[in-house]
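The values are calculated or read from the model by the stated rules, or taken from the named source; none is laboratory data. If you're wondering where the values come from, they're calculated on a predicted model, not measured in any experiment. Cβ placement follows ideal geometry from the backbone for every residue including glycine, while neighbour counts extend to all protein chains displayed. Heads up: the accessible areas ignore ligands, DNA and RNA and are worked out on the full protein's heavy atoms, side chains in. Shrake-Rupley method; radii C 1.70, N 1.55, O 1.52, S 1.80 Å.
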Amino acid sequence: MAVERLLKDEATEEKGDRARMASFIGAMAIADLVKTTLGPKGMDKILQSTGRGHNVTVTNDGATILKSLHIDNPAAKVLVDISKVQDDEVGDGTTSVVVLAGELLREAEKLTMAKIHPMTIIAGYRMAAECSRNALLQKAMDNKQDPEKFKSDLMKIAMTTLSSKILSQDKEYFAQLAVDAVMRLKGSTNLEAIQIIKKAGGSLKDSFLDEGFILDKKIGIGQPKRIENAKILVANTAMDTDKVKIYGARVRVDSMARVAQIEGAEKEKMKEKVQKIIGHGINCFVNRQLIYNYPEELFADAGILAIEHADFDGIERLALVTGGEIASTFDNPESVKLGHCKLIEEIMIGEDKLIHFSGVEMGQACTIVLRGASSHMLDEAERSLHDALCVLSQTVNDSRVLLGGGWPEMVMAKEVDELARRTPGKRSHAIEAFSRALQSIPTIIADNAGLDSAELISQLRAEHHKETTNSGIDVISGGVGDMEKLGISESFKVKQAVLLSATEAAEMILRVDEIITCAPRKREDRM
């Protein structure tokens, strides 16, 4: 039994087929979990946290669902990771990438049962992925030269992205919002300049896009409500020392008058600081921290609008958008960059007052105000909109477009099948399996819509054997439809990312032949 003692007590190892089975099963379970959310008729999940407040999230965004799971299975973790990467990289397709990887593993499991070596499968998958990518490249359309057409492509992509989300009811409306917002960016992928503010109340249709920047704050008391040609100083500094705050220090005084003197000194210090700030020649002062009554009074006397406690996200964006920088010391006014905008005024949205900065330095900045019935609805709407914005901003840079609705998968599957016929040896089995995995995506879209998927997919396959076809699944009518007429498009970049990430993830899990679980660390008794 000498061999057995290699690992510490309680550490476990699983070898060969058992390890592979464990990782396959974990990965497939994850894919099954999110696959019901795929497609325009996908369902949502309710995630309830066990933490304080039992936060409830209602979502069908693959990355959001997977991020909140606590998973033990190592292979499942790999899938969670790829959905995260997909979310960061292109913003959408988070569910597809997990489902595709899961299906690739499901096929690989059958092949390993048939005694085909994992390395052979990987080699086959690699060839197939390369082949699919080329098929997509050939079929991608690029309308960058024709602005009208390109804009309609963007609208279609936005509508397709939104149709699987909560916003599908008003997808034209929100697609228009998203396209307008992204067009303002003029080709930068910096989504920082698009701010999303959520205000409960009203219906989703009441959401709107506003040029400029909205700060979720009220204007202080006794201060100008409207400022034109604003010069804004954005600061992060303490403005709360006009009272004596003596916590840790011990101060011996022989009478209350002395305390008053100390307070007086503090007040003087504050006054000097305010004078310095006013010396910058500004008429709006936005601070990240609190501003006490006394400095606020001084600002109001000088006719300066002082906004306190602007939250961090807001203030970073404000500085970015107005072209200023966040300052924390005020000794040399010449080195501080002030922000500028044409007009600051107070607006009402629902119940709340907000401050609206219009005519900002950075022309591409805008704010989307989302309205909705409940906070869960708003959170989900924000996630959906964010996906749409990401996809659009990527498409503006890489303007290649594909049709949607399972069409790209069928195109790839057809090419991969041809490749399998040309390839000798065992690899051809793996290549065929890849094609089956690709076809599972339209199958799942059909299943989620409650359609007869086997019938539909065989129709699609027949359609795709003709020379050129735009057929895909039309979930609305429940049959095979022409994707171009229906205006269902997807971004090439998203599809490519899905394909490559899923293949790599599957490959990584296939390479595993042993799972070693470390022994838990023991706590020593400290007596």
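Filter the trypsin sites (Lys or Arg not before Pro) in region 91-159 to those in DSSP coil with at most 10 other Cβ atoms within 10 Å of their Cβ, and list the result.
In loop regions of region 91-159 (DSSP not H, G, I, E or B), the sparsely surrounded trypsin sites (Lys or Arg not before Pro) are K115.
For region 74-91, what does the Karplus curve 6.51 cos²θ - 1.76 cosθ + 1.60, with θ = phi - 60°, yield as ³J(HN,Hα) per residue in whole Hz, taken in order and with x for Gly and Pro?
Rounded to whole hertz, the list is x, 5, 4, 4, 4, 5, 4, 4, 5, 5, 5, 4, 4, 5, 6, 6, 10, x.
Based solely on C-alpha atoms, express the radius of gyration and the Dmax of region 335-452 in angstrom.
Cα radius of gyration and Dmax of region 335-452 are 24.5, 72 Å respectively.
Order the following by accessible area, largest value first: R258, R427, R20. Probe radius 1.4 Å; ligands, DNA and RNA are ignored.
Most to least solvent-accessible, the answer reads R258, R427, R20.
Can you check what the net charge comes to around L167, using other residues whose Cβ is under 14 Å from the Cβ of L167 (Lys, Arg +1; Asp, Glu -1)?
Around L167, the charge tally is -4.
How big is D for region 35-103, in µm² s⁻¹ as a whole number, if Stokes-Einstein is applied with the Kirkwood radius of its Cα pairs at 10 °C and 1.306 mPa s?
In µm²/s, the coefficient rounds to 126.
If Lys and Arg each add +1 and Asp and Glu each add -1, what is the summed charge of the other residues whose beta carbon sits under 14 Å from the beta carbon of H465?
-1
So what's the net charge close to A128: Lys and Arg +1, Asp and Glu -1, counting the other residues with Cβ under 14 Å from its Cβ?
-2
For region 1-81, what Kirkwood radius comes out of the mean inverse Cα-Cα distance, in Å?
For region 1-81, inverting the mean 1/r across all distinct Cα pairs yields 15.2 Å.
Based on C-alpha coordinates, I'd like the Rg and Dmax of the chain, in Å.
In order Rg, Dmax, the Cα atoms of the chain give 29.4, 99 Å.
Tell me the accessible surface of D180 in square angstrom (1.4 angstrom probe, heavy atoms of protein chains only), to the nearest ten.
Here the accessible area works out near 50 Å².
Largest first, how would M239, M21 line up by accessible area (1.4 Å probe)? List each step's numbers first, then the result.
Working: M239 0, M21 55 Å².
Ranked list, largest accessible area first: M21, M239.
In the chain, what percentage of the DSSP-assigned beta bridges are antiparallel, given to the nearest 5?
70
Please calculate the 1.4 Å probe accessible area of H54, with all protein chains present, and give it to the nearest 10 Å².
Answer for H54: close to 100 Å² accessible.
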